[in-house]
1. Is it fair to say Leu66 is under 18 Å from Ile137 (Cα atoms), crowded, with 16+ Cβ neighbours inside 10 Å and touching a Gly at 6+ places or on another chain (Cβ under 7 Å)?
2. Tell me which residues, restricted to segment 145-170, are in a loop (DSSP other than H, G, I, E, B) and surrounded by 19 or more Cβ atoms within 10 Å (Cβ to Cβ).
3. Quick test for you: out of Leu142, Leu114, pick the one residue that is surrounded by fewer than 17 Cβ atoms within 10 Å (Cβ to Cβ), under 15 Å from the mean Cα position of the chain (by Cα) and of a type in the set (A, V, I, L, M, F, W, C).
4. For segment 250-261, check the following and say yes or no: at least one residue is over 28 Å from Ile124 (Cα atoms), at pLDDT 90 or above and out of contact with any strand residue (DSSP E or B) (no Cβ under 9 Å at 6 or more places or on another chain).
5. Show the residue pairs meeting these rules: Cβ distance below 7 Å; 6+ apart or different chains; first residue within segment 169-190 and more than 25 Å from Glu113 (Cβ to Cβ); second residue in a helix (DSSP H, G or I).
6. Output the number of the condition that Ser89 fails; it satisfies all remaining conditions of (1) more than 20 Å from the chain's Cα centre (by Cα); (2) farther than 30 Å from Ala173 by Cβ; (3) part of a helix (DSSP H, G or I).
7. Under 23 Å from Pro188 (Cα atoms), modelled with pLDDT of 90 or more and surrounded by 13 or more Cβ atoms within 10 Å (Cβ to Cβ), is that true of Glu284?
8. Spot the failing condition for Leu28; the list is (1) more than 22 Å from the chain's Cα centre (by Cα); (2) not in a helix (DSSP H, G or I), and only one is missed.
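The values are calculated or read from the model by the stated rules, or taken from the named source; none is laboratory data. Nothing here was measured: the structure is a model prediction, and the numbers come from that model. Positions of Cβ are generated from backbone atoms using ideal geometry, with glycine treated the same way; all protein chains shown enter the neighbour counts.
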Amino acid sequence: MAATLPAIHALYFLTLLERWHIDARALLEELGLSREALAQPGARIDIPMVERLFARGTELTGESALGFYLGWQMRISAHGFLGFAAMTSATTRAALQVAVRFAPTHTDALTLELEEGPEFTSLIFRERADLGTAREIIISALMVGIWQIGISLTGQQLVGDADVAFSEPAGYAHFKHLLPSPIRFARPDHRLTFLSGVLDLPLLLADPAAQQLAREQCERDLEAVRANHSLSDRVKRLLVGENDQFRSIHEVARALFMSDRTLKRKLMSEGTSYFELLDTARKERALSLVKSNDLTLEQVAERVGYSELSNFTRAFRRWTGTTPKRYRT
């Protein structure tokens, strides 16, 4: 099953396209979508359809950096109860902790991590699915949008650094002067980094009673998401640990509060194994990294967990029937 994003973001994208006088209704019909279906509470849209929508929007507008436009018009209300729980939190730290914990209720394509240090803190965006051609727009919009939301919730002009793992898009130069600091491209991961003191900033809309109600609903939504996912799905989400490294079976089992033996037995009952899931995750990451052209094949092999390029090449041939070099070409 393909990963999904909330359909409300597709509606925001269609509204954005109207600035270029694009007929949103005709585009929806072309893609077999409807505004009414996208507007339904809880509606989702899978990544392949997001790719088609974004690719067609880029083609019709001739604008290669639509992600920046989309991020600037993002509102916290687009994130439902998660957004409401974040905006009514007492501090920036509390709001970010809410976002990290309940991100799975919003999408299974991305997760968030908060890496707090004595001087600097980073909000890291982890890809849990292949975002394909929609990657640049999704990540750009999310990072710009969260930054804009942070400014509106704190009432302060926040500054910091932004890193993304993809190459600089053609239209970035048009927006560079509008951002609080330049974006650094082709980095190891996607992250926003800022002074740790920002975490203690109070939020303008803090409301303890409202926050508790919203958080309770988020907890119910999170339990529903977990109940609807198999153990295999949970293992997939846990495979990637700190520093973007794949976790061992022991580390995954510990995170699930079970023994290695129990994890093996339960996965076997679902017709799979840790090593099959790991192999699939490595394949998905390898295909994404090889396509990106940002890394050498030796660097790709290391990112996927192979210390020798020859071993990676054999695995890649098993996955695709060809070599990484030929696949990239």
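1. Working: under 18 Å from Ile137 (Cα atoms): yes; crowded, with 16+ Cβ neighbours inside 10 Å: yes; touching a Gly at 6+ places or on another chain (Cβ under 7 Å): yes.
Considered against the rule, which asks whether it is under 18 Å from Ile137 (Cα atoms), crowded, with 16+ Cβ neighbours inside 10 Å and touching a Gly at 6+ places or on another chain (Cβ under 7 Å), Leu66 comes out as yes.
2. Start the filter on segment 145-170 by keeping residues that are in a loop (DSSP other than H, G, I, E, B), which leaves 155-160, 164-170.
Scanning segment 145-170 gives Val164, Ala165, Pro169.
3. On the way: Leu142 fails: surrounded by fewer than 17 Cβ atoms within 10 Å (Cβ to Cβ).
It is Leu114.
4. The answer is yes, given that some residue of segment 250-261 is over 28 Å from Ile124 (Cα atoms), at pLDDT 90 or above and out of contact with any strand residue (DSSP E or B) (no Cβ under 9 Å at 6 or more places or on another chain).
5. Sorted first by the residue in segment 169-190, then by its partner, the pairs are Phe175/Phe68.
6. (3)
7. On the way: under 23 Å from Pro188 (Cα atoms): yes; modelled with pLDDT of 90 or more: no; surrounded by 13 or more Cβ atoms within 10 Å (Cβ to Cβ): yes.
No; evaluated as a whole, the condition is false for this residue.
8. With respect to (1) more than 22 Å from the chain's Cα centre (by Cα); (2) not in a helix (DSSP H, G or I), Leu28 is out only on (2).
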